[in-house]
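Reviewing the structure listed below.
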Amino acid sequence: MRPTRPMRGLSQAQKDHFNEFGYLVIEDVVDEETLQSIEREYEGIVDKLAPALVDEGKLSQSYSELPFKERYIAIMDELDEMYDLYQHLDISLPLLSPLPPTSTMNSGPAVFSLLRHPAILDIAESIVGSEIFCNPVQHARIKPPAKAMTGGYSDSNLTKTPWHQDQGVINDEADETTMLTVWVAITDATVENGCMICIPGSHTGELTMHCPAHTKTNEIAIPNSLIAEENAVPMPVKRGGVVLLHQLTEHSALENHSDSIRWSFDLRYHAVGAATGRSVFPGFIARSEADPDSELKTAEAWGQLWQETKDRLVAKPEFIFNTRWDGVAADQLCA
Ligand SMILES: O=C(O)CCC(=O)C(=O)O
Ligand SMILES: [Fe+2]
């Protein structure tokens with residue numbers, strides 16, 4: 001009997017599920033070593049940042065005796081401005097224009113290894129083909145318990161995520177792009193701590209109307225009245241597992257009602273050459289069978305791309321990141 005090759009990418013049954021329902025939950029994708037190197041990278045960032053925040057008078061102590069999760073919650077709880085910590089942990093520059101010169105992000109080697117993780121790229125290859133571009137619409141979301149979120153934050157990087165389709169929050173230049181969202185669980189994601197939920201099959205419809213960011217939802221979002229919430233299914237997944245989403249699947253994330261953090265990364269992939277939908281930010285070729293030399297291979301090179309982007313955006317006249325939904329501003333549904 002021929003030895004069986006370990007499975008690469010999605011099985012036919014998994015592809016069928018994804019095509020039929022617009023989502024797929026897969027356990028055990030990212031190995032423990034990668035997960036732990038990400039945790040160490042984040043511990044290192046907070047180790048450096050906390051004393052600096054103390055020096056600036058923004059924090060009474062650096063909480064260095066606490067393990068990472070407890071330390072993160074304690075710092076978030078005390079900071080007047082949660083972005084003073086969070087912006088150092090995200091893996092994208094903020095969507096602000098003009099971009100403040102102090103803007104920062106994490107472009108470290110552990111996260112870069114996640115973006116190029118072979119098991120993730122094998123999955124992406126099953127959907128977008130062998131020439132894979134890593135889209136710059138990506139976030140780290142480390143969500144504290146909702147009860148610790150004083151101060152009226154309504155930002156999906158830190159608290160619950162409103163209903164949307166990923167295609168609805170990027171620019172329409174990418175409407176022809178086949179884009180796969182890969183959502184990676186660093187902690188277990190549960191109904192209690194705010195896992196994602198979706199409307200199965202919603203990807204077979206059109207782009208649903210979204211309200212612009214400056215209306216009630218505070219982020220580009222589908223009004224609740226347009227969502228068939230009775231059909232929603234939760235997508236819990238364990239640490240190291242991933243959730244795949246089609247770009248038209250309606251989804252949101254629950255509030256974190258647990259006592260600890262809910263930590264995920266959301267990454268996006270499409271074919272090399274396709275429009276990203278956020279062209280002011282830099283993506284890169286993550287895998288190319290046709291031209292392996294074109295792949296971006298180091299975190300330094302990735303950080304450099306973001307640094308150049310930052311320099312350019314700091315100097316750029318003010319602009320709006322996404323104008324797709326501005327026409328519906330006056331609509332009753334968004335009031
Ligand atoms: O993690 C979340 O709360 C939302 C993530 C999301 O919307 C996405 O990955 O597309
Ligand atoms: Fe999303």
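Brief remarks on what is shown
- Membrane-span-like helices in the chain (whole DSSP H runs, Cα extent of at least 30 Å along the helix axis, mean Kyte-Doolittle hydropathy of at least 0.0): none found.
- Inter-part distance where the range 283-307 and the range 184-233 are each reduced to a Cα centre, Å: 31
- For the range 54-195, the solvent-accessible area of protein heavy atoms averages 36 Å² per residue (probe radius 1.4 Å; ligands and nucleic acids excluded).
- Volume in Å³ per residue [convex hull over Cα atoms, computed for the chain]: 150
- Absence of a disulfide-compatible partner, taken as no other cysteine beta carbon within less than 4.7 angstrom, is noted in the chain for C134, C195, C198.
- Computed packing ranks the peptides 19-28, 261-270, 56-65, 191-200 as 261-270, 191-200, 19-28, 56-65, most packed first, by mean other Cβ atoms within 10 Å.
- 16 Å reach of a label modelled at S294, 7 Å along Cα-to-Cβ, counting backbone N of the range 258-275: 270-275
- Counting only DSSP H runs of at least 4 residues, each contributing -39500 (n - 2.57), and dividing by the residue count of the chain, the helix-based mean residue ellipticity at 222 nm comes to -8000 deg cm²/dmol.
- For A253, nonlocal amide neighbours, meaning residues 5 or more places apart or on other chains whose placed amide H falls under 5 Å from its own, are T161, I197.
- Cα shape, the range 215-282, gyration tensor, a/c 1.5 rule: oblate
- Based on the reciprocal of the average 1/r between different C-alpha atoms, the Kirkwood radius for the range 178-247 equals 13.7 Å.
- Solvent-accessible area per residue for the range 230-335 (1.4 angstrom probe, square angstrom): 46
- Carbon and sulfur %, accessible surface of the range 163-282 computed with the full protein complex present, 1.4 Å: 50
- Carbon plus sulfur fraction of accessible area for the range 23-125, probe 1.4 Å, in percent: 51
- Two-site FRET efficiency, S97 against E32, from Cβ-Cβ distance with R₀ of 56 Å, rounded to 0.05: 0.90
- Interchain or long-range residues, amide H under 5 Å from W263's placed H: K143, I186, T187
- HN-Hα J in Hz across the range 281-287 - Karplus 6.51, -1.76, 1.60, θ = phi - 60°, x for Gly and Pro: 9, x, x, 7, 7, 8, 8
- Residue-by-residue Karplus 3J(HN,Hα) for the range 240-254, coefficients 6.51, -1.76, 1.60, Hz, glycine and proline x: x, x, 10, 10, 9, 10, 6, 5, 9, 6, 6, 8, 7, 10, 6
The values are calculated or read from the model by the stated rules, or taken from the named source; none is laboratory data. Here the structure is a predicted model, which means the values were calculated and not measured. When we count neighbours, we look across all protein chains shown, and the Cβ atoms used for this are built from the backbone with ideal geometry, even at glycine. The area values use the complete protein model at the heavy-atom level, side chains included, leaving out ligands, DNA and RNA. Shrake-Rupley method; radii C 1.70, N 1.55, O 1.52, S 1.80 Å.
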